[in-house]
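Read the structure below first, then the notes.
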Amino acid sequence: MIEALHGTAQAMVSRPRGILAADESIGTMSSRLEKAGVPATAENRRAYREMLLRTPELHRGISGVILSDETFNQKLDDGQDFPLALHALNILPGIKVDTGAKPLALSPGEKVTEGLDGLRDRLKDYVSRGARFAKWRAVIIIGDGLPTRNALRANAHALARYAALCQESVLVPIVEPEVLMDGDHTIDRCAEVTRAALEHVLAELDEAGVDLAGTVLKPNMVVPGSTSGQQASPEEVAERTVATLRAVLPEALAGVAFLSGGQSPEVATANLAAMQKHETPWPLTFSFGRALVDPALKAWHGDPTQVAEGQQALADRVEPNSAAVA
C-alpha cells in the first residue's frame, strides 16, 4: 500500500508534467459555459471535458486530471468511462471529493469545507472505478481580523481527516489550503497567512498519521491581494513563496503543485518558471485550472467544428508550463 501511494505521488509531480484541474462544480462550470455563449447543459459540460482530455499528446505535459463527480460518472463519445479513458491515455484520473466551502459557524466572513460524511464509502467506490488520487480544497480568506485561528484550525482538521481517509483507500490526497488573493492585502500579509495556514495543516496531518511521501500539497503562490495596487515581479513572488514553503514543509513531502488562484495564464506561468531557480527538496510543479483551460473554452465555445482549435489552445498553455518545470 505504501509503495503504491509513493509511486502514484511521485508520478503526479514527475517532471516535466503537472496536474490539470478540470473539477469545477456544476454551478461554476455552467457559469463559465454561459459566459462563453454555450448553453449550460450536462452534455455540453461533458463535451467540453472530452475535448480537453482528447488533446493530442496531453500526457507529455499532464500527469493527472482532477475530475468532478459529474464528469467521473460520464462517458466519452465512444462509450468509455472518463477515468478509464484517462488510464488509456497514460494520465492518472483524480476526483474532487469535497462538497464545497460553507459558512463557518460563529465565524462571520469565513468558510469551512464540508464533505467528510460518507467519504470513506465514496472513496472506495471511486477507487474501484479507476481513481488514483483525490482533491480537497480549503478556502482561507484574508480580511479585517481574518483569518481567525478557528478558521485555520477547522479547515486544517478537515484536510487532515480527508487525507487520512484517502490513504486508507490507497488514494494520494492533494491537500489544497488556498489563501485567496481576493482583497487589498500586501504580499507580506499573504506570506504571513500562508505560513500560518500551512503550519496548521502540517500539524493536523502529523496528528492524523498522514504519510507525507504519499501526499501532494496544492498551495497558493505568495502574491499581493488583487485589489492592493501592489505589483510583484515573478522573482519576488518566487522568492517569497519558496521561502514560506521552506520554513514549514518537511523534506518528506512528495511534491508541491501550485494552484493559479485567479492569476492570468501568463503571470501564473512566469511565476512558476521563476520558482525553478530556487533549490527545494521537493519538486515544484503546477495544478492549474483556469490558467490552462480558459483559452481552450474561448476557442471551442461549444462548436463541434472548433474542437481542434480548443485542443490547440490547451496545448499552447500546457507547453510553457511543462517547459518551466522541465
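Taking segment 50-89 as the range and being aliphatic (A, V, I, L, M) and under 19 Å from the mean Cα position of the chain (by Cα) as the test, the residues that pass are Leu52, Leu53, Leu58, Ile62, Val65, Ile66, Leu67, Leu86.
Return the total of residues in segment 163-194 being in contact (Cβ under 8 Å) with a residue 12 or more places away in the chain and not in a loop (DSSP other than H, G, I, E, B).
20
Here's the yes/no breakdown for (1) among the small types (Gly, Ala, Ser); (2) under 18 Å from Glu178 (Cα atoms); (3) at pLDDT 95 or above:
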| residue | (1), (2), (3) |
| --- | --- |
| Val237 | no, yes, yes |
| Thr241 | no, yes, yes |
| Ala247 | yes, yes, yes |
| Leu259 | no, yes, yes |
| Asn271 | no, yes, yes |
| Gln276 | no, no, yes |
| Glu279 | no, no, yes |
| Leu284 | no, yes, yes |
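When Glu34, Glu110, Glu3, Glu70 are checked against the criterion of being touching a Pro at 6+ places or on another chain (Cβ under 8 Å) and among the acidic types (Asp, Glu), a single residue qualifies: Glu110. Among the residues of segment 223-246, not a single one is in contact with a Pro (Cβ under 9 Å, 6 or more places away or on another chain), among the hydrophobic types (A, V, I, L, M, F, W, C) and closer than 19 Å to Val139 by Cβ. With respect to (1) within 30 Å of Ile2 (Cα to Cα); (2) out of contact with any helix residue (DSSP H, G or I) (no Cβ under 7 Å at 6 or more places or on another chain); (3) not acidic (Asp, Glu), the lone exception for Ser233 is condition (1). His87 satisfies every condition listed in (1) surrounded by 14 or more Cβ atoms within 10 Å (Cβ to Cβ); (2) touching a Ser or Thr at 6+ places or on another chain (Cβ under 9 Å) except (2). The C-beta contact set for segment 312-326 (first residue without any contact (Cβ under 8 Å) to a residue 40 or more places away in the chain, second residue of a type in the set (Gly, Ala, Ser) and surrounded by 15 or more Cβ atoms within 10 Å (Cβ to Cβ), distance under 7 angstrom, 6+ apart or interchain) comprises Ala313/Ala296; Ala313/Ala299. A residue that is acidic (Asp, Glu), over 20 Å from Phe286 (Cα atoms) and without any contact (Cβ under 8 Å) to a residue 60 or more places away in the chain can be found somewhere in segment 206-225. Residues in segment 170-205 that are surrounded by fewer than 20 Cβ atoms within 10 Å (Cβ to Cβ) and over 20 Å from Val223 (Cα atoms): Val170, Ala203. Of the residues making up segment 19-44, those that are of a type in the set (Gly, Ala, Ser) and in a helix (DSSP H, G or I) are Gly27, Ser30, Ser31, Ala42.
All of (1) loosely packed, with under 15 Cβ neighbours inside 10 Å; (2) at positive phi; (3) in contact with a helix residue (DSSP H, G or I) (Cβ under 9 Å, 6 or more places away or on another chain) hold for Gly118 with one exception: (3). If the condition is being of a type in the set (D, E, K, R), over 11 Å from Val112 (Cα atoms) and surrounded by fewer than 20 Cβ atoms within 10 Å (Cβ to Cβ), then segment 134-168 contributes Asp144, Arg149, Arg161, Glu168. Looking across segment 21-58, the residues that are aliphatic (A, V, I, L, M) and surrounded by fewer than 18 Cβ atoms within 10 Å (Cβ to Cβ) come down to Ile26, Ala36, Ala40, Ala42.
Looking across Gly100, Gly94, Gly61, one residue alone is in contact with a strand residue (DSSP E or B) (Cβ under 8 Å, 6 or more places away or on another chain), surrounded by fewer than 17 Cβ atoms within 10 Å (Cβ to Cβ) and closer than 23 Å to Ala257 by Cβ. It is Gly100. Among the residues of segment 21-44, those that are of a type in the set (Asp, Glu) and free of Cβ contacts under 8 Å to residues at least 40 places away in the same chain comprise Glu34, Glu43.
The values are calculated or read from the model by the stated rules, or taken from the named source; none is laboratory data. Just so it is clear, the structure is predicted and the values come from calculations on it, not from any experiment. Neighbour counts run over all protein chains shown; Cβ positions are idealised from the backbone, glycine included.
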